1. Which one is right for this structure if Cα Rg over 2.2 N^0.38 Å is calculated from it: (i) 1.41; (ii) 2.99; (iii) 1.00?
2. Given a Förster distance of 41 angstrom, what is the FRET efficiency for SER10 paired with LEU38, based on the Cβ-Cβ distance and rounded to 0.05?
3. Just name one of ALA36, GLY26, SER50: the one whose Cα is farthest towards the positive end of the charge dipole of the chain (beta-carbon charges, Lys/Arg +1, Asp/Glu -1).
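No lab work stands behind these numbers, since they all come straight from the coordinates. What you see is a predicted model, and the numbers here were worked out from it, not measured in a lab. FYI the Cβ positions are ideal-geometry reconstructions off the backbone, even for glycines, and counts take in every protein chain you see.
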Amino acid sequence: MNTTLTATRSTSQQAAAMRAEAGRLGERLARRAGLALLAWSLSAEARRTSDDRAGRAELQRDAERLREQNFTTLALRATTL
């Protein structure tokens, strides 16, 4: 004869266990959401940094072009004096 005794949980014990599990689930979800936001923020910062570099390079080229134009204009005017 195979008899086993099983202890049944009371309703309050089951409710407490479910609340504890729900709390752990909430913590896991919050942790994952936080990590996802951190990864997004870091990638956005990397994109901004590369955009800034490209913008600075373009400004540098524009400044050099304008400097050359000014030099050419001044040189032409100086020869007519």
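1. Label (ii) holds the value from this structure.
2. Numbers: r = 42 Å, r/R0 = 1.03.
The formula returns an efficiency of 0.45 here.
3. Sorting the options by dipole projection puts first GLY26.
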